[in-house]
Amino acid sequence: MATQLLQDFPELSHLSREDLEDMLTDPAYFQAIFHSLPRVKALYQSQAEFGMANESIANKNLELQQSLYNLRAGAKQAFDDAKALEARWKELDREQREVYQRFTPQFLLMRLRHATIAQDELSESLATAFISASPTPHVASNLTVSNLGTSGPASGTGTPGGLDVEEFVRDFKDQRKIYHKRVIWGDRWTAGQVDWPNE
């Protein structure tokens, strides 16, 4: 056993057999011999150096701790701001698409068609109301396209029922003019004669 010990630790070759036996039986003596070995001293030296290096790194980390906390807080605030801006952008994008939808060619054509129908109904209701307000069939029969607004018996400042024929003719012509303009634009649109800019 002593031979194996000396092979593993040649530093102990200067010790006598009695010293070796004392070292194995006396823990204090063993510790004294053990800590005097060059390999053990080198191990402790390396351990001390690693310890000081770790301490230096720890001190540097502590110095950076507050700035890292500040950076983390700033990053979190920036992330929250970005999420809020993203949500706001989605809302504005939706509103923009809704606004643009009201100005697309398809939507405007639909509005033109509805307005044309409404204008036709408005002018027809104006004529119907005028005829319905006439007091006698004779007056109503005189209100034809050929004699409205002429100098015949039904023209002038009014009728027996108090209705102003000239005013009706003027209003009716204005309403029908708007209607026919809308019809013309609708026909042109359908024929592909209306160009829309890309912007």
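The values are calculated or read from the model by the stated rules, or taken from the named source; none is laboratory data. Computed from a predicted structure; not experimentally measured. Ideal geometry is used to build each Cβ from the backbone, glycine not excepted, and the neighbour counts take in all protein chains shown.
Results, tabulated for the structure shown:
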quantity	calculated
Filter result for Gln106 (closer than 30 Å to Arg182 by Cα and exposed (fewer than 10 other Cβ atoms within 10 Å of the Cβ))	yes
Residues of region 81-135 satisfying the condition of being modelled with pLDDT under 90 and among the hydroxyl-bearing types (Ser, Thr, Tyr)	Tyr100, Thr104, Ser132, Ser134
Residues located in region 15-39, provided they are among the β-branched types (Val, Ile, Thr) and in contact (Cβ under 8 Å) with a residue 12 or more places away in the chain	Ile33
